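The values are calculated or read from the model by the stated rules, or taken from the named source; none is laboratory data. Just so it is clear, the model here is predicted, and its values are computed rather than measured. Here the Cβ is made from the backbone with ideal geometry for all residues, glycine too, and neighbour counts use every protein chain on show. Remember, those area values only see protein heavy atoms, side chains included, never the ligands or the DNA or RNA. Shrake-Rupley method; radii C 1.70, N 1.55, O 1.52, S 1.80 Å.
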Amino acid sequence: MHRQTARTRAIFLDIDGTYADHGLAPEAHVDAVRMARKLGHLVFVCTGRPLSMVPGHILDAGFDGTITGAGARVEVDGEVLKDARFEPDLAARIVETLDAHHAAYILEAPEALHGRTGVDRRLREVLGPIFAGRPQHDGVLSTDVDPLEDILGPMQYSDDLRATSYAKISCFDSPVPLTRLMETFGPKVGLIPSSLSALGERAGEIFMAGTHKAVGIQVVEARLGLDRADIVAIGDSANDIEMLEYAGVGIAVAGGHPAVLAVADRVTAAPAGNGVALAFAELGLLG
């Protein structure tokens, strides 16, 4: 592929399935982030995870800021520029509905994850088999990372979550299809498939309508005076669609969600193939 002439870029990286695979970041990705920043480019995490679920070993590569909660929270150079949450009444109603249908879910906030007492047992049952097959290929940043602990580590438990302040919900196991439950929540609530596609229709992410990664990017763009044409976004999941559409260069990960591949300008390899590093090199970000 033709190598483009280098110019100052702002790159926004999804974590799961893009920068890292089940919590493991290839050393080539870490090196690419550090080199790109050394050469004057800006690199941001742009993830559906809340900040409380972004482990230190991911951030250790060094980033210019973070967009977390799929656009709900934005931080640049240590300054929080946005921190949106569900309105309290609506937040309580969603929790009541999920509880009434015995769904296994977590409420995601920047400071912590929140779950009902005992939900950790259901998460281990549902997610354990998926994470057990996580890759242990050469070149990962750490081979002792437990992706399930990324979820359970920051979890706080309660028998009543109706008063909890949160920005997003990850539902991992719902006996009733989430699409049916969504009909009761109204237009202020959206639903996308879970990034863990193996969970199927019983899982999904419930978010504030109108909040997505491109909204977070726009906050960064306005603060730093970025040129949209110089924005690069790389992602693989349904919550990456808007940011790839918005970016001057949108790069999908091979094998990603079909809708992401459909809107991408380019395709790069999965983490096992050092796709972020390859994309950086092709864009001339590594010198």
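Values for this structure:
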quantity: In Hz, Karplus ³J(HN,Hα) per residue of the range 237-250 (6.51, -1.76, 1.60; θ = phi - 60°; x = Gly, Pro); calculated: 10, 4, 7, 9, 4, 5, 6, 5, 5, 6, 5, x, 10, x
quantity: For S237, solvent-accessible area (1.4 Å; no DNA, RNA or ligand), Å²; calculated: 10
quantity: With every protein chain in place, the range 239-287: carbon and sulfur % of accessible area (1.4 Å); calculated: 58
quantity: Amide H contacts under 5 Å for D173, placed H, 5+ residues apart; calculated: A104
quantity: Rounded to whole Hz, the Karplus (6.51, -1.76, 1.60) HN-Hα couplings of the range 185-193, x for glycine and proline; calculated: 8, x, x, 7, 10, x, 9, 10, x
quantity: Global size of the range 161-200 as Cα Rg and Dmax, reported in angstrom; calculated: 11.3, 31
quantity: For the range 84-238, Kirkwood radius (reciprocal of mean inverse C-alpha pair distance, Å); calculated: 17.2
quantity: Accessible heavy-atom area order of K188, K168, highest first, probe of 1.4 Å; calculated: K188, K168
quantity: Linear extension gain, L286 paired with V176, 0.36 nm per residue minus alpha-carbon span; calculated: 34.8 nm
quantity: Per-residue SASA entry for R85, accessible area with 1.4 Å probe, Å² rounded to 10; calculated: 60
quantity: Under-5 Å amide H pairs with Q156, H placed in peptide plane, nonlocal only; calculated: L113, H114, G115
quantity: Virtual spin-label span in nm between A163 and D60, 7 Å along Cα→Cβ; calculated: 3.9
quantity: Other-chain or far-sequence residues with amide H under 5 Å of F12's (modelled H); calculated: F44, V232, A233, I234
quantity: Folded to 0 to 90 degrees: helix 213-224 orientation relative to the chain principal axis, Cα; calculated: 50
quantity: R0 of 22 Å, Cβ-Cβ distance A222-K188: FRET efficiency to nearest 0.05; calculated: 0.40
quantity: Inter-centroid distance (Cα atoms) of the range 162-223 relative to the range 99-126, Å; calculated: 14
quantity: Over 23 Å between alpha carbons, listed pairs K82/K188; K38/K168; K188/K213; calculated: K38/K168
quantity: Dipole moment magnitude, nearest 20 debye, the range 159-235 about Cα centre, only Lys, Arg, Asp, Glu C-beta charged; calculated: 140
quantity: Low-density loop positions, GluC sites (Glu not before Pro), the range 73-113 - DSSP coil, at most 15 other Cβ in 10 Å; calculated: E111
quantity: The chain: angle of helix 27-38 to the longest principal axis, Cα-based, in degrees nearest 10; calculated: 60
quantity: Student exercise, the range 1-122 dipole from Lys, Arg, Asp, Glu Cβ charges, in Debye to nearest 20; calculated: 420
quantity: Compactness index (Cα Rg / 2.2 N^0.38 Å), the chain; calculated: 0.97
quantity: Farthest positive-ward along the chain dipole, Cα basis, beta-carbon charges - from L98, Y166, M243; calculated: M243
